[in-house]
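One structure is given here, and the rest of the page talks about it.
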Amino acid sequence: GLPLFTITMGLLDGFNPCAMWLLLFLLSLLVQLHNRRTMILVAGTFVLVSGLVYFVFMAAWLNLFLLIGLARPTELVLGLIAILIGAVHVKDFLVFGAGWSLSIPAAAKPGLYARMRQVIQAEHLGGALAAVALLAVLVNIVELLCTAGFPAVYTRILTMKDLPTWQYYGYLALYNLAYITDDGLMVALAVTALSRRRLQEREGRWLKLVSGLVMVSLGLILLFRPEWLH
């Protein structure tokens, strides 16, 4: 059913190594403050703003596909793109760091590190919340290629259903709620344990493998069995 499919896709998308790496890195810095309330407010703001930006991003995909309509060439193109993205993620699991990769560009990381330090060094909580909200927006823009696969495929599948407009956006909201559930769990664990743990390369590779296999599977379904998605 569409509700369970939506939740499953959102949860899988939430385990994106790009987004999770940044969140865990931010949490590892926030732990140094030794203040659980500040950790919850700052990290929670980051998660909520990220979810809102992601919702807007997916709404753009939704309106694009609604405008295009149920054209078979669109499904073919999107299926090929999904397979390509999935293959790149699987490649990253097998040969990490070699060749083309859908990850946060190395050139963007120093700027993100600087933004995170601004959050930690803010003199007032209001300044920290404003800084982390801006960071969340910038992160979603920087990691656009890293996270574009799932939203594009899901919204295309969603437009295959003949639904009222409010239901389309309701499903997007459900997807994004599932998407930030993973991040919310990471925040809860970090706040409870005051853990400075960061995402390791081995764990990121496994996340990429799972993401890649799901993307390839959905791409093949779009190419050869699109009726399964109706």
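Under a model in which nothing but the beta-carbon of Lys, Arg (+1) and Asp, Glu (-1) is charged, the chain shows a dipole of about 460 debye around its Cα centre.
The label-point distance for residue 144 and residue 107, in a model that sets each label 7 Å from Cα toward Cβ, rounds to 1.5 nm.
Taking all protein chains together and rolling a 1.4 Å probe, residue 100 ends up with roughly 150 Å² accessible.
Accessible surface for the chain, divided over its residues, is 48 Å² per residue with a 1.4 Å probe.
Under the rule a/c < 1.5 gives rounded, and otherwise a/b versus b/c splits prolate from oblate, where does segment 85-199 land using the Cα gyration tensor? Oblate, since a/c reaches 1.5 and b/c is not below a/b.
Secondary-structure-derived ellipticity at 222 nm for the chain, considering helices only, amounts to -27000 deg cm²/dmol, per-run term -39500 (n - 2.57) for DSSP H runs with n ≥ 4. Between residue 162 and residue 188, the modelled labels are 4.1 nm apart [label points 7 Å from Cα along Cα→Cβ]. For Kirkwood radius over Cα pairs in Å, computed directly from the structure shown, the correct entry in [x] 19.0; [y] 18.3; [z] 19.7 is [y].
In percent, rounded to a whole number, the relative contact order of the chain is 48, using alpha-carbon pairs under 8 Å and six or more apart. GNM on the chain, alpha-carbon springs under 10 angstrom: the most fluctuating residue among 170, 86, 14 is 170. Length gained on full extension, residue 94 to residue 77, computed as 0.36 nm times the residue gap minus the Cα-Cα distance: 3.5 nm.
The simple spin-label model puts a point 7 Å past each Cα toward its Cβ; for residue 220 and residue 8 those points are separated by 1.5 nm. The charge dipole of segment 100-230, taken about the Cα centre with unit charges on the Cβ atoms of Lys, Arg (+1) and Asp, Glu (-1), comes to about 380 debye, rounded to the nearest 20.
The values are calculated or read from the model by the stated rules, or taken from the named source; none is laboratory data. All figures in this text were calculated on a predicted structure; none of them were measured in a lab. Backbone-built Cβ (ideal geometry, glycine too); neighbour counts: all protein chains shown. Please note that ligands, DNA and RNA were not included when accessible areas were found on the heavy atoms of the full protein model with its side chains. Shrake-Rupley method; radii C 1.70, N 1.55, O 1.52, S 1.80 Å.
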